[in-house]
Amino acid sequence: MKIQRILGAMVAVLLVALFIVSTGSNVRAQASSQQQPEVKEDETNLDTQLFLIVATNNSINDEKLPASLDGVVKQLRASLPFKNYKLAATLINRVKNEGRLDLSWVGGPLVAPAGLSSQATPSFSNFKVRQVKVVRNSSGDSMVQMIGFNFGARIPIQVGPMAVNGGVPATNYENTGLSTDISIREGEPVVVGTLNVGPSGDAIILVVAARRTTR
């Protein structure tokens, strides 16, 4: 009987110990799950702007560029030997943070051959960014990375004399473009590159800007 009482007491102690251990494990598991915040998908979007500016020494219609490009135009006039600048195209697109951007379009000639109509000589262009991402630089400023930035265009170049009776002269399409990786300050237009096109020496200047959307 004495041995049975001892065994009974040992079993009771063992059961109590198992209960305490099990209860403690459940409490720790619940506390751990409560401490871990719910992981939410990044829903940040960015508005990107690509400006195509034509720089030329030819006379062009007086065209005021957007006020947001005043600083860029001032920089261009100080560093490039062109008399006139005009805005050929503005492309506005929305892309998810860490997303990609890919578009192609047909439009009027970015640099039109003399005497040719825009309908007879359109330009074929494409703009791609492999990844657009908001980051912080070493000073804590908000920056936008554009990895795999790529712009390309097929430009009509007149290679023959003007045809009689209003016909279209011989015209070849030449490829031009730029590929790079860049980081830009959020909301600030930046010159990405300059592409010389055509025998006239005109140039296409690529300006890009990006900022997070507010809605």
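Each reported figure results from applying straightforward, stated rules to the coordinates on display, with no laboratory input. Because the structure is predicted, anything quoted here is derived from the model rather than measured.
Find how much the distance from residue 80 to residue 104 grows on full extension, using 0.36 nm per residue of separation minus their present alpha carbon separation; answer in nm with one decimal. Before the final figure, lay out each step's value.
Working: separation 24, 0.36 × 24 = 8.64 nm, distance 2.85 nm.
Computed gain between residue 80 and residue 104 is 5.8 nm.
Please list the non-local residues whose amide H lies under 5 Å from the amide H of residue 110, H modeled 1.01 Å from N, same-chain partners needing a gap of 5 or more.
123
Apply the Karplus parameterisation 6.51 cos²θ - 1.76 cosθ + 1.60, with θ equal to phi minus 60°, to every residue of segment 202-214 and state each ³J(HN,Hα) to the nearest whole Hz, in sequence, with x for glycine and proline.
5, 9, 9, 10, 9, 10, 10, 8, 7, 8, 5, 6, 9
Using modelled backbone amide H atoms (1.01 Å from N, in-plane), which distant-in-sequence or interchain residues come within less than 5 Å of residue 97's amide H?
44, 45, 46
In whole Hz, with x marking every Gly and Pro, tabulate ³J(HN,Hα) for segment 135-143 from phi via Karplus 6.51 cos²θ - 1.76 cosθ + 1.60, θ = phi - 60°.
Whole-Hz 3J(HN,Hα) from phi for segment 135-143: 9, 10, 7, 5, 8, x, 6, 6, 10.
Of the cross-linked pairs 74/96; 74/133; 74/128, which ones have a Cα-Cα span greater than 30 Å in the structure shown?
Result: 74/96 exceed 30 Å.
Mind listing the phi-derived Karplus ³J(HN,Hα) values for segment 155-160, rounded to whole Hz, using 6.51, -1.76 and 1.60 with θ = phi - 60°, and x for any glycine or proline?
9, x, 10, 6, 10, x
Please list, ordered by chain and number, the residues whose modelled amide H lies under 5 Å from the amide H of residue 202; skip anything fewer than 5 residues away on the same chain.
197
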